[in-house]
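Down below is the structure, laid out as structure tokens.
The values are calculated or read from the model by the stated rules, or taken from the named source; none is laboratory data. Please read these numbers as outputs of a predicted model, since none were measured by experiment. Reconstructed Cβ throughout: ideal geometry from the backbone, glycine too, with neighbour counts over all protein chains shown.
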Amino acid sequence: MNGFFYIYKMTNISFLNKIATVILSDYNNELTETVIVLPNKRAKIFLIEALKNQTDGNIFSPEIISIEDFVQNIAQIRTIDPIELLFEFYEVYLLITEKKNQQSFEVFANWAKTLLQDFNEIDRYLLDPDHVLSYLKDIEDIKKWGIEVENKTQLLENYIDFWKLLPKYYQSLYDHLLKNRIGYQGLIYREAVKNIDYFSKSISNKKFVFAGFNALNASEEKIIQHLINLDLAKIYWDADQTFLNDPYHDAGLFLRRFKENWKHYKSHPFEWIVDEFSASKNIQVIGTPKTIGQAKIAGSIIENIVNNNRSAALDKVAVVLGEENLLIPLLYSLPNTVGALNITMGYSSKNNPAQILIAKLFKMHTNALSRNNSSYVFYYKDVLDILTHPLIEPYANASTLVNIINKNNYTFISHQKLLELNTSANDLFLLVFEKWESGSIAVLEIISKLLLKVKNNLNNENEEEKITKAFVYAIFKVINKLINYYSQHKEIDTIDTLYAIYKQVIDLAEVSFEGEPLNGLQIMGVLESRVLDFETVIITSMNEGKFPAGKSQNSFIPYDVKRELGLPTFKEKDAIYTYHFYHLLQRAKSIYLLYNTESDGLDAGEKSRFITQLEVEKQPNHTLTHEIYNAVLPDTAYSPMVIPKSEKVMDRLKEIAEKGFSPSALTSYIRNPIQFYFQKILRISEVEEVEENIALNTLGTIIHETLRVLYEPFIGKFISETDIQNCIKRIDSEVLIQFKLVYKEGEIKKGRNLLAFEVAKRNVLNFLKVELDSLENGDAIKILELEKTFERIVEHPSFPFPVLIKGNVDRIEVRNGNIRIIDYKTGKVEKTNVTLKSWKGLTDDIKNDKIIQVLAYAYMYEANANGKPIEAGIISFKNLKSGFLPFNFKEEKESTAIISSEIQSNYLEQIVLLLNEILDVNIPFEEKIV
């Protein structure tokens with residue numbers, strides 16, 4: 001007893017160090033015959049390190065094993081993985097279910113995964129499966145008592161039959177697995193209990209030490225108590241008296257039960273009870289909005305630890321992620337000064353970048369297969385999604401292909417065309433786009449080769465790429481398992497079915513990170529923290545529903561039935577979480593609890609009850625502080641950009657002045673000087689992208705070009721009614737030609753684009769009809785120019801250099817003796833848009849952009865008019881009923897549409913003011929905030 005008392009009094013010593021002390025003192029002469037059983041595999045390395053630190057010489061290490069491996073050794077049955085189990089169950093299901101009632105694998109998997117969990121619990125707690133499953137059938141029968149026999153539908157009958165078959169499903173699966181010496185956890189535990197007598201007789205020279213357990217299922221309890229009663233084993237708990245002595249504290253729920261109910265403790269001490277939670281601790285509760293904020297704060301805390309010259313102590317720091325999705329943001333938030341890093345946790349395959357790639361592959365190929373039965377046609381978005389994926393883009397050698405697709409507006413691309421377009425295709429590219437036409441097994445083999453190729457592209461030296469490689473390898477294993485299972489189960493007959501099955505099994509797959517636990521910062525999940533002690537603990541996602549997890553009923557067994565039968569409910573699951581949480585705090589000195597302050601949204605929730613519990617039951621030696629961290633917001637949400645005019649900018653302005661300012665460049669400056677700066681000074685053009693649906697500017701170009709081609713034969717001639725009627729006959733063919741020229745490889749035979757095609761034809765037809773009406777009414781129209789560029793130099797004493805005004809005019813004609821300059825607009829323009837009441841401030845407001853534009857054309861053409869009166873205006877295709885909308889200056893009640901020399905002079909004066917502002921070295925380009 002003295003030894004036990006000594007260890008009990010040792011405070012601030014990790015639990016595994018205490019276990020090492022006991023092993024070296026009590027089992028020193030029989031280490032090779034000693035087996036240490038721990039709750040998980042991860043603690044093994046820490047225990048070995050503790051043993052090394054407490055011995056000077058060389059010793060033979062005792063066998064150290066996890067409880068699951070230990071039970072498996074007793075049962076002598078191999079563990080089956082969840083994916084394999086699902087397929088084995090389906091095989092059994094098909095054998096015992098009538099052909100007419102058999103479901104496809106994807107439908108079966110939806111309920112089978114839940115049922116398997118219930119089978120597992122029934123076995124782990126050694127319940128009679130016939131009793132439990134018949135109980136469920138009786139409950140369903142009672143629910144349907146009120147329905148008359150004649151009113152029972154076939155669907156209802158099938159439903160009742162399903163519940164009747166549950167005992168048969170269980171027993172058939174159990175027998176099938178046992179025959180093959182494989183099993184899920186519950187089956188292995190039940191078989192281990194059956195085999196415990198034989199096992200205990202065969203290992204009479206062995207000694208077992210069970211250490212660090214909390215919650216035990218019925219099978220584990222029976223096995224451990226059996227070995228203890230035979231004096232073959234001892235068990236050491238890590239119980240803090242604060243929780244053990246409080247009858248209402250969930251952290252001690254299971255330990256109190258064992259202490260009270262096990263016969264062993266009627267005559268033996270309960271080892272160990274410590275008093276360490278009440279010791280001095282600094283607990284900081286930190287709230288911040290959203291998940292990403294928690295990652296940033298965790299990174300800052302770790303940076304402070306490193307900066308305080310405690311980098312050597314990082315291996316005593318644990319970041320425990322209450323939510324696995326926080327792993328990647330946390331890795332990006334860690335300071336560069338963190339050298340060694342150990343990640344030990346599971347990460348859902350749903351968020352795996354390799355799984356996202358496979359999902360995109362399935363989408364691309366299933367779309368290609370279903371789009372056209374006669375050919376293999378890819379949708380451009382699917383292709384670009386794959387080619388820009390981070391696992392493909394750097395290695396597929398396809399940047400030129402992406403540019404070709406965008407530039408030529410390919411919406412749909414045949415498989416053959418895709419290979420023709422990428423002349424530098426490498427093996428990775430060819431694997432990505434290899435046809436999926438040879439059945440499911442061939443598809444899986446293609447994906448397997450692709451993942452292997454991707455894995456080989458990744459660098460082992462780069463920490464980020466090492467993690468990515470783990471992601472890729474996890475999916476690679478799933479795909480290879482599917483290949484193996486497919487060879488035995490022929491139910492995967494189509495690509496759609498294959499993808500449905502893939503989505504089912506990928507939910508069961510998990511990426512396991514296993515590093516070197518003794519070195520560097522420890523990042524882990526909640527379950528991985530069992531048995532381990534750290535000086536500094538950072539716990540994230542301390543919100544209800546995250547930590548602890550919410551009440552989930554992923555079971556066919558109702559809550560009250562679980563209570564009656566002794567199966568764990570959410571009450572027990574909460575108690576397990578509670579123990580893990582308080583055990584993390586038990587020996588820690590510095591504790592940081594991070595939670596999301598947002599009360600709504602996908603990743604939100606109330607502050608965890610554990611935080612409230614720490615506040616309400618605050619220990620005298622605990623320092624508990626609260627902080628709320630919010631993002632630092634600037635005084636102003638956004639400061640407008642201001643770009644001074646450097647010497648190079650002025651050189652560029654001079655270059656533009658020599659080549660010509662277009663009217664659209666001038667209106668671009670009025671709209672936003674920064675936009676002018678980007679487009680004209682820096683020459684930044686818009687990113688070229690596939691135009692899946694025809695944009696308004698593209699439609700406008702098509703209409704402009706069609707009219708140009710139709711009217712070109714009449715330049716320098718008066719047009720007749722016959723000419724227009726001939727043009728009307730050519731509309732369909734000419735619009736189609738222009739569509740092909742402008743829209744390139746874009747699809748125009750269906751959907752919105754077909755509508756746009758019809759709109760273009762209708763606009764051209766309506767324009768020609770208006771023209772025909774004018775001719776019938778006696779107008780004489782002579783076409784002078786079409787789509788022609790004009791220019792004129794503006795010189796002024798205030799300019800640092802002469803300025804050329806240059807622009808492209810859609811159409812110039814002589815109509816009834818007047819020169820008419822016409823600008824086509826596909827958008828809607830009203831008369832008010834080209835009416836001016838005052839010259840003052842003409843260039844200050846973008847609403848005058850159309851006036852500035854048409855007057856610029858008149859100014860440039862003035863020398864060519866030979867004294868004829870000039871009109872300049874707009875024809876709006878969305879307002880054709882208004883016809884030609886000329887610029888007119890309206891002063892009081894008088895208005896004029898003829899552009900006189902006085903109008904030209906006033907206009908030029910305003911343009912000079914605008915150009916002076918643009919060319920003034922002292923006036924920066926300043927962004928306009930709309």
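General observations
- Matching residues, the stretch 254-283, being among the hydrophobic types (A, V, I, L, M, F, W, C), closer than 24 Å to Tyr595 by Cβ and not in a loop (DSSP other than H, G, I, E, B): Ile283
- Extreme residue, surrounded by the fewest Cβ atoms within 10 Å (Cβ to Cβ), among residues of the stretch 264-288 that are more than 24 Å from Tyr577 (Cα to Cα) and in contact (Cβ under 8 Å) with a residue 12 or more places away in the chain: Pro269
- Test result for Leu565, surrounded by fewer than 22 Cβ atoms within 10 Å (Cβ to Cβ) and not aromatic (Phe, Trp, Tyr): yes
- All helices (runs of 4 or more DSSP H) inside the stretch 43-125 with 1 or more residues being in contact with a Gly (Cβ under 8 Å, 6 or more places away or on another chain) and surrounded by 16 or more Cβ atoms within 10 Å (Cβ to Cβ): 43-53, 67-75, 105-124
To keep it simple, each residue is scored yes or no on (1) modelled with pLDDT under 95; (2) over 20 Å from Ala588 (Cα atoms); (3) among the aromatic types (Phe, Trp, Tyr).
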residue: Ile7; (1), (2), (3): yes, no, no
residue: Met10; (1), (2), (3): yes, no, no
residue: Ser14; (1), (2), (3): yes, no, no
residue: Asn17; (1), (2), (3): yes, no, no
residue: Asp26; (1), (2), (3): yes, yes, no
residue: Glu30; (1), (2), (3): yes, yes, no
residue: Val37; (1), (2), (3): no, yes, no
residue: Asn40; (1), (2), (3): yes, yes, no
residue: Ala43; (1), (2), (3): yes, no, no
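- Looking across the stretch 687-699, the residues that are modelled with pLDDT under 70 and either assigned to a loop (DSSP other than H, G, I, E, B) or among the β-branched types (Val, Ile, Thr) (or both) come down to Val687, Glu688, Glu689, Val690, Glu691, Glu692, Asn693, Ile694, Ala695.
- Among the numbered conditions (1) surrounded by 15 or more Cβ atoms within 10 Å (Cβ to Cβ); (2) of a type in the set (D, E, K, R); (3) more than 27 Å from Leu699 (Cβ to Cβ), the only one that Glu871 does not meet is (3).
- A Cβ distance below 6 Å, combined with a sequence gap of six or more or placement on separate chains, defines the contacts here; from the stretch 49-69, residues that are within 12 Å of Asn28 (Cα to Cα) reach no residue that is of a type in the set (Lys, Arg) and not in a strand (DSSP E or B).
- Among the residues making up the stretch 419-440, those that are closer than 19 Å to Asp496 by Cβ and of a type outside the set (Gly, Ala, Ser) are Glu434, Lys435, Trp436, Glu437.
- Condition check for Asp250 on (1) out of contact with any helix residue (DSSP H, G or I) (no Cβ under 9 Å at 6 or more places or on another chain); (2) among the acidic types (Asp, Glu); (3) farther than 20 Å from Ala192 by Cα: one failure, at (1).
- Complete set of residues in the stretch 814-838 that are under 28 Å from Phe718 (Cβ atoms) and of a type in the set (Val, Ile, Thr): Val814, Ile819, Ile821, Ile822, Thr826, Val829, Val834
- Listed by first and then second residue, the pairs linking a residue in the stretch 511-526 that is farther than 27 Å from Ala575 by Cα and at pLDDT 70 or above to a residue that is of a type in the set (Lys, Arg) and buried (at least 17 other Cβ atoms within 10 Å of the Cβ), with Cβ atoms under 7 Å apart and 6 or more places separating them unless they lie on different chains, form an empty list.
- Only listed residue being at pLDDT 85 or above, among the β-branched types (Val, Ile, Thr) and in the same structural domain as Val35 (by TED's automatic domain parsing), chosen from Ile182, Ile188, Ile203: Ile203
- Residue under evaluation Ser424, criteria (1) hydroxyl-bearing (Ser, Thr, Tyr); (2) in a loop (DSSP other than H, G, I, E, B); (3) closer than 18 Å to Ala359 by Cα, criterion not met: (3)
- Check on Asp849, assigned by TED's automatic domain parsing to the domain that holds Ser895, acidic (Asp, Glu) and in contact with a helix residue (DSSP H, G or I) (Cβ under 6 Å, 6 or more places away or on another chain): yes
- Looking across Ile899, Ile929, Ile923, one residue alone is in contact (Cβ under 8 Å) with a residue 12 or more places away in the chain, among the aliphatic types (A, V, I, L, M) and surrounded by 18 or more Cβ atoms within 10 Å (Cβ to Cβ). It is Ile899.
- Test result for Gly807, more than 58 Å from the chain's Cα centre (by Cα) and either assigned by TED's automatic domain parsing to the domain that holds Gln725 or modelled with pLDDT of 90 or more (or both): no
- Across the stretch 56-101, the number of residues qualifying as among the aromatic types (Phe, Trp, Tyr) and under 28 Å from Ala211 (Cβ atoms) comes to 2.
- Breaking point among (1) within 18 Å of Thr540 (Cα to Cα); (2) in the same structural domain as Val854 (by TED's automatic domain parsing), for Gly605: (2)
- Listed here are the strands (runs of 3 or more DSSP E) enclosed by the stretch 311-402 that have at least 1 residues being surrounded by fewer than 19 Cβ atoms within 10 Å (Cβ to Cβ), touching a residue at least 60 places away in the same chain (Cβ under 8 Å) and of a type in the set (Ser, Thr, Tyr): 341-348.
One line per residue, one yes/no per condition, for (1) of a type in the set (A, V, I, L, M); (2) under 26 Å from Lys296 (Cβ atoms):
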| site | (1), (2) |
| --- | --- |
| Asn342 | no, yes |
| Leu401 | yes, no |
| Lys407 | no, no |
| Lys417 | no, no |
| Leu421 | yes, no |
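- The strands (runs of 3 or more DSSP E) located wholly in the stretch 813-930 that include 3 or more residues which are more than 55 Å from the chain's Cα centre (by Cα) and at pLDDT 90 or above occupy 818-825.
- Test: residue in the stretch 183-201 that is touching a Leu at 6+ places or on another chain (Cβ under 6 Å), of a type in the set (S, T, N, Q) and assigned to a helix (DSSP H, G or I): yes
- Ile23 assigned to a strand (DSSP E or B), under 24 Å from Ser200 (Cβ atoms), out of contact with any helix residue (DSSP H, G or I) (no Cβ under 6 Å at 6 or more places or on another chain) and in contact (Cβ under 8 Å) with a residue 12 or more places away in the chain: no
- Looking only at residues in the stretch 403-414 that are assigned to a loop (DSSP other than H, G, I, E, B) and crowded, with 20+ Cβ neighbours inside 10 Å, the one that is nearest to the chain's Cα centre (by Cα) is Thr411.
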